[in-house]
Amino acid sequence: MPLPFIVITLIKAIVVLIVLMTVAAYLVWFERKIVARIQNRWGPTRVGPFGLLQPLADAIKLLTKEDFTPAGVFRVPYLLAPALSLTVALLAFAVIPFGPGFQIADLNIGLLFILAISSMGVYGIVLAGWASNSKYSLLGGLRSSAQMISYELAISLSVVGVLLLGGSLSLREIVSAQSGVWGLVPRWNVFPQLVGFFCFFIAAIAETNRLPFDLPEAETELVAGYHTEYSSMKFAMFFIAEYTNMVTASCMATILFFGGWHGPVPSFLPAPLQAVVPLFWFSLKVVLFLFVYVWIRGTLPRFRYDQLMSFGWKFLVPLALINLVVTSFVIALRA
Amino acid sequence: MPNGYFHENYIPVLIDLGLIVVVAGGMLLLSYLLGQHKRTREKLMPYECGMTPTGDASHRFSIRFYLVAMIFILLDVEVVFLFPWAVIFRELKMFGFIEMLLFVLIVVAGFVYLWKKGVLDWSRREPGEMQ
């Protein structure tokens with residue numbers, strides 16, 4: 001194996017990792033600012049201009065806090081759980097195409113890889129809940145795992161519609177299939193697959209344990225759910241994993257339904273700047289989705305657990321199935 | 001030796017995995033090294049709103065959690081069958097649609113059975129079930 005190839009891959013992986021960690025840290029700031037404005041407050045303002053250094057201060061604080069292991073925990077799984085959560089959250093980005101050629105690994109089963117890796121996240125949560133040997137953690141972990149696997153089904157079913165249109169599991173090819181226009185409308189999957197996108201995005205919010213589906217950490221009933229017994233950086237790792245999963249879900253929504261790096265309008269920039277345009281559109285769409293995430297959080301109250309489960313099983317799964325059958329019927333008629 | 005495709009695409013995934021594992025491990029180690037360590041008996045207790053915990057956490061919990069996991073496994077395996085079908089659907093055309101319709105109908109029959117049995121119903125309480 002050639003050494004330059006390994007070095008280039010390593011550099012790419014390090015760049016993606018650094019960008020991702022920064023995005024996750026600043027997503028916390030972004031969320032706090034926007035939720036604050038929605039609730040007519042200021043949000044962080046003290047550390048740096050507009051509170052922009054707040055994530056940095058938080059990171060230093062969390063690193064230097066006491067890192068204790070409560071008595072009675074199952075030590076190895078207790079330590080393994082946050083590392084596992086973070087690892088699978090970050091690993092999903094190995095196959096995400098940020099632009100043409102901006103990708104660590106272009107797997108021909110990229111979509112399957114992301115689904116597989118993100119469903120591993122449930123192990124981190126279950127292990128944390130069980131290994132903490134605390135009642136709140138156990139209940140939080142159980143709830144969380146039942147919720148995540150329920151909505152996992154809706155995600156997998158809603159994605160099949162995109163596969164029918166794109167005819168490939170490679171994320172790069174799914175994006176390429178969405179280039180061009182139908183008249184004035186860009187050829188994005190969201191237009192023929194509006195129902196699929198609806199299922200996907202709602203299930204993605206539930207999958208990342210965000211409001212209004214944040215039952216695993218419903219503070220008023222479960223303290224902090226599965227990470228009640230975690231302190232210091234171990235707690236922060238779950239936190240980063242959750243925010244990274246939000247970014248992954250936004251990237252997936254962009255790639256699968258909103259044409260990835262393709263812009264809605266053709267660009268007229270000079271050639272040297274042309275290379276940046278796909279990255280710009282991709283990031284813009286991801287940021288928009290992240291904003292929607294925060295907006296929903298600032299607007300909706302939390303579901304009750306039985307409502308959450310029946311919504312997933314009795315509404316989203318049948319809806320995604322119907323969407324799948326209708327889509328394939330229309331494609332078969334046209335073929 | 002693995003072929004070229006494996007080289008070009010799975011080795012980068014492995015490199016990325018290695019890097020992430022190092023970072024995650026580093027975070028655990030760094031926080032262990034940087035933080036202070038003062039252990040007291042109260043601090044090391046499981047958190048239970050300030051009360052002394054009663055017993056450990058190995059309580060019984062609702063059977064529904066097991067049921068959901070089992071149904072998930074069944075249905076998810078069926079969804080996985082849909083993936084390769086969807087990728088080559090344009091070649092299969094109407095034949096593929098009818099084949100898959102039959103498959104989906106069988107799955108739906110099972111799903112309807114579960115629904116009618118009340119497995120998906122979380123608000124109903126079984127007689128004798130713990131609250």
Evaluate the Kirkwood expression for the hydrodynamic radius of region A:234-329, namely the inverse of the mean inverse distance over all pairs of different C-alpha atoms, and round to one decimal in Å.
16.6 Å
Could you order the peptides B:23-29, A:188-194, A:151-157 from most to least packed, using the average number of other C-beta atoms within 10 Å per residue?
A:151-157, A:188-194, B:23-29
Using C-alpha positions alone, give me the convex hull volume of region A:141-255 per residue in cubic angstrom.
115 Å³
Expressed in nanometres to one decimal, the distance between label points 7 Å along Cα→Cβ at A:Val287 and A:Phe315 is 3.2 nm
In region A:221-335, with Lys and Arg counted as +1 and Asp and Glu as -1 at Cβ, which of these residues, A:Thr248, A:Gln274, A:Phe291, has the Cα nearest the positive end of the dipole, that is, farthest along it?
A:Gln274
Rank A:Leu17, A:Val7, A:Gln39 by how far each Cα sits towards the positive end of the charge dipole of region A:1-61 (+1 on Lys, Arg Cβ; -1 on Asp, Glu Cβ) and give me just the farthest.
A:Gln39
Among A:199-206, A:161-168, A:176-183, B:86-93, the order from most to least packed when residues are scored by Cβ within 10 Å on average
A:199-206, A:161-168, B:86-93, A:176-183
Please compute the average number of Cβ atoms from other chains found within 10 Å of each residue's Cβ in peptide A:123-132.
1
Hey, what angle do you get for helix A:317-334 against the long axis of chain A, alpha-carbon based, 0 to 90 degrees rounded to 10?
10 degrees
Which value, in Å² and to the nearest 10, is the accessible area of B:Met70 when all protein chains are kept and the probe is 1.4 Å?
120 Å²
So for region B:1-106, Kirkwood radius off the Cα pairs, Stokes-Einstein at 4 °C and 1.567 mPa s: how many µm² s⁻¹?
62 µm²/s
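Among all stretches of chain A without exposed trypsin sites (Lys or Arg not before Pro) (DSSP loop, at most 13 other Cβ atoms within 10 Å), which one is longest?
That gives A:47-303 as the longest site-free run.
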Using only Cα atoms, what is the ratio of the radius of gyration of region A:1-61 to 2.2 N^0.38 Å?
1.62
Buried solvent-accessible surface, both chains (B, A), 1.4 Å probe, Å² to nearest 100:
6600 Å²
Restricted to pairs 8 or more residues apart or on different chains, the lysines in the protein assembly as shown with C-alpha atoms under 21 Å apart form a number of pairs equal to 14
Among A:Pro301, A:Leu52, A:Gln147, whose Cα projects farthest towards the positive end of the dipole of chain A, with charges put on the beta-carbon of Lys, Arg (+1) and Asp, Glu (-1)?
A:Leu52
Between the alpha carbon centres of region A:100-138 and region B:73-109 the gap in Å comes to 26 Å
Rounded to the nearest 500, what is the 222 nm mean residue ellipticity of chain A from helices alone, with -39500 (n - 2.57) per DSSP H run of 4+ residues and division by all residues?
-22000 deg cm²/dmol
Taking B:Leu67, A:Leu115, B:Leu74, B:Leu30 and ranking on accessible area (1.4 Å, protein atoms only), highest first, one gets B:Leu74, B:Leu30, B:Leu67, A:Leu115
The protein assembly as shown: spread of alpha-carbon positions along the three principal axes, whole Å, largest first, is 70, 63, 58
By accessible area with a 1.4 Å probe, ligands and nucleic acids excluded, highest first: order of A:Ser85, B:Ser62:
B:Ser62, A:Ser85
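The values are calculated or read from the model by the stated rules, or taken from the named source; none is laboratory data. For clarity, every value in this text was computed on a predicted model and none was experimentally measured. Every residue, glycine among them, receives a Cβ derived from its backbone with ideal geometry; neighbour counts consider all protein chains shown. Protein only, heavy atoms only, side chains kept; ligands, DNA and RNA dropped before computing areas. Shrake-Rupley method; radii C 1.70, N 1.55, O 1.52, S 1.80 Å.
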